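Enquirer: I'd like to ask you about the structure that follows.
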Amino acid sequence: MTNKQIEELQLLGFQIGEEDARGNVTVSSERIPDLDILKKLILTMTFDDEIQYWDAYKQSPTDPGGYVSALRWDEERVAYMEGNHGWTSSWYIVSVEEMAEHIQKNWDKDCDRGAYLNRVQIGRNKHVTRERINKDLSKNF
């Protein structure tokens, strides 16, 4: 994340943690952020920033729940996929509003001893291309 992104998120009321060994930064808030704040968080990111959080409601082939990886596709949409214990979904595109609602619904859910409780992780998108996402999207139609 850039210093400008960090400053923007702090102005929105988020606490920003130190970068971990994998290059992820924790963006947290003890209170569940409202939808407008979460939409601004998403719009602060670029396609090069990967937003990661826990979906406690995902029905999976293994354990309940799934890890979400999301990339801002453009000003109105987000590409995301889920995975857990060796399985992954295809990439999907949803609106920024839908993604904000999904993050909000899962904000106060726990997994991995609190790794995603009241927070999202933001790291660098190191390997996903728009072409790869488009390939997944074309398989869904």
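Since every read-out is calculated from the coordinates, none of them should be taken as a lab result. All values reported here derive from a predicted model rather than from experimental measurement. We place every Cβ from the backbone using ideal geometry, glycine too, and count neighbours over all the protein chains shown.
Enquirer: Before rounding to the nearest 500, sum -39500 (n - 2.57) across all DSSP H runs of length at least 4 in the chain and divide by the residue total; then give [θ] at 222 nm in deg cm²/dmol.
Expert: Working: 4 runs with 40 residues, N = 141.
Calculated mean residue ellipticity at 222 nm is -8500 deg cm²/dmol.
Enquirer: Still on this structure: If you project the alpha carbons of region 55-122 onto their three principal axes, what span does each projection cover, largest first, in Å?
Expert: The principal-axis extents, from largest down, are 33, 25, 18 Å.
Enquirer: Nearest 20 debye, what's the magnitude of the dipole of the chain about its Cα centre given +1 on Lys and Arg Cβ and -1 on Asp and Glu Cβ?
Expert: Working: 18 positive and 25 negative charges, 78 e Å.
That gives the chain a dipole magnitude of about 380 debye.
Enquirer: Please report how far the C-alpha centroid of region 22-83 lies from that of region 110-124, rounded to the nearest whole angstrom.
Expert: When both Cα centres are located, 10 Å separates them.
Enquirer: For the chain, what is the largest minus smallest coordinate of the Cα atoms on each principal axis, given in angstrom and ordered from greatest to least?
Expert: Sorted from largest, the Cα extents of the chain read 40, 31, 30 Å.
Enquirer: Apply 1/(1 + (r/R0)^6) to the Cβ-Cβ distance of ILE6 and GLN52, taking R0 = 22 Å, and write down the FRET efficiency to the nearest 0.05.
Expert: 0.85
Enquirer: In Å and from the alpha-carbon atoms only, list the Rg and Dmax of region 71-110.
Expert: Answer for region 71-110, Rg first and Dmax second: 11.3, 32 Å.
Enquirer: Still on this structure, I have one more. Count the net charge of all other residues whose Cβ sits under 9 Å from the Cβ of TYR57, scoring Lys and Arg as +1 and Asp and Glu as -1. Walk me through the intermediate numbers first.
Expert: Working: positive: LYS58, LYS105, LYS109; negative: ASP55.
Value of the local net charge: +2.
Enquirer: In nm, give the distance between the simple-model label positions of HIS127 and ASP108, each being 7 Å from the Cα along the Cα-to-Cβ direction.
Expert: Roughly 3.6 nm, to one decimal.
Enquirer: Then there is this: With a Förster radius of 35 Å, plug the Cβ-Cβ distance of ASP34 and ASN134 into 1/(1 + (r/R0)^6) and report the FRET value to the nearest 0.05. Show your work: numbers first, answer last.
Expert: Working: r = 32 Å, r/R0 = 0.93.
Efficiency, from the Cβ-Cβ distance: 0.60.
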